[in-house]
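These notes are about the structure you will find just below.
Read-outs: derived from the displayed coordinates by stated rules, not from any lab. None of the values given here were measured: they were computed from a predicted structure. Backbone-built Cβ (ideal geometry, glycine too); neighbour counts: all protein chains shown.
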Amino acid sequence: NYITLVMVMLLSLSFIALYFVQIHKPLNGIIKATKEYGKGNLAYKIDVKNDIDEIGRLSASLNYMASKLDESDQFQQKFLTNISHDFRSPLTSIKGYVEAILDETIPVEIQDRYLHIVLSETERLEKLTKGLLTLNTFDDNGYLMEMSDFDINEVICRTLETFEGRCHARGIRFSLLFDEASLPVHADMEKIQQVLYNLIDNAVKFSRDDSVIYIETLQK
């Protein structure tokens, strides 16, 4: 009888130990993970010993879900940063030219030219807003492209006009080195213009006063 009792006790202890290792400890890990995810810590990972049993598969699935949500969150932060930069550029340009017209820094006889630049920047803002409202045009690789043929040199010159006010105030000049007077390309013009705008904006931002920014195009 004593031997049987000891065997039963040992068997019970074995089941308790097995329960603790296989069920209780992993479940505590899952509970802790859900609390971390609730706090926004999507980088937290559950220690998965095996993915054979149901709890192991659940832990692995939660890890996968958290990693995908974390990627999505990082994408949204990057997207919002880019959008805020895209909006800030034309708004800064519009503000600068309107203020210059109001305080008569820009002479009356050439105000029409700068008002056209303001109008162009306003249209660019409108297109950016339209892009935000049509995010369902995303494909697996990002935005769907609207391809067309256009002269890249002309787009560069038109984009540079929006920087005249900022560059004049700092004595910064542009030197254009075009291999050909016209250089046709096949691309999404609005998005290429945004790329050019960001490149030139950075060049102006990090150039010294009274310096020259060189822009060159050539066919390869």
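Taken over the alpha carbons of region 153-220 as equal point scatterers, the Debye sum produces base-10 log I(q)/I(0) values at 0.23 Å⁻¹ of -1.06. For the pair GLU126 and ARG166 in one chain, pulling the backbone fully straight at 0.36 nm per residue adds 12.2 nm over the alpha carbon distance.
Over the residues of region 76-220, compute the C-alpha Rg and express it relative to 2.2 N^0.38 Å. Can you show the working numbers first?
Values: Rg = 16.4 Å, N = 145, 2.2 N^0.38 = 14.6 Å.
Expressed relative to 2.2 N^0.38 Å, the Cα Rg reads 1.12.
Please identify which residues in region 178-220 have an amide N closer than 16 Å to a label point set 7 Å out from the Cα of ARG88, following the Cα→Cβ vector. Within reach of a label on ARG88, which here means backbone N under 16 Å from a point 7 Å along Cα→Cβ, region 178-220 contributes 197-207. Geometric descriptor of region 54-131, per residue, is 73 Å³ (volume of the convex hull of the Cα atoms).
Rank-order 67-78, 89-100 by packing density, defined as the average count of other C-beta atoms within 10 Å over each peptide's residues, highest first.
Values: 67-78: 11.5, 89-100: 17.7.
Highest-to-lowest ranking by the protection proxy: 89-100, 67-78.
Put simply, the amide H of ILE106, placed in the peptide plane, has neighbours under 5 Å in ILE101, leaving out anything fewer than 5 places away on its chain.
Where the centroid of each part is defined by its Cα atoms, how far is region 148-201 from region 79-107 in Å? Between the Cα centres of region 148-201 and region 79-107 lies a distance of 17 Å.
Please compare each pair in LYS95/LYS130; LYS45/LYS78; LYS78/LYS205; LYS35/LYS205 to a cut-off of 32 Å on the Cα-Cα distance and tell me which ones are over it.
Values: LYS95/LYS130 21 Å; LYS45/LYS78 23 Å; LYS78/LYS205 21 Å; LYS35/LYS205 44 Å.
Checking Cα-Cα distances, LYS35/LYS205 exceed 32 Å.
What's the FRET efficiency of VAL212 with GLU71 using the Cβ-Cβ distance as r and R₀ = 41 Å, to the nearest 0.05? Could you put the intermediate results ahead of the total?
On the way: r = 42 Å, r/R0 = 1.02.
Efficiency, from the Cβ-Cβ distance: 0.45.
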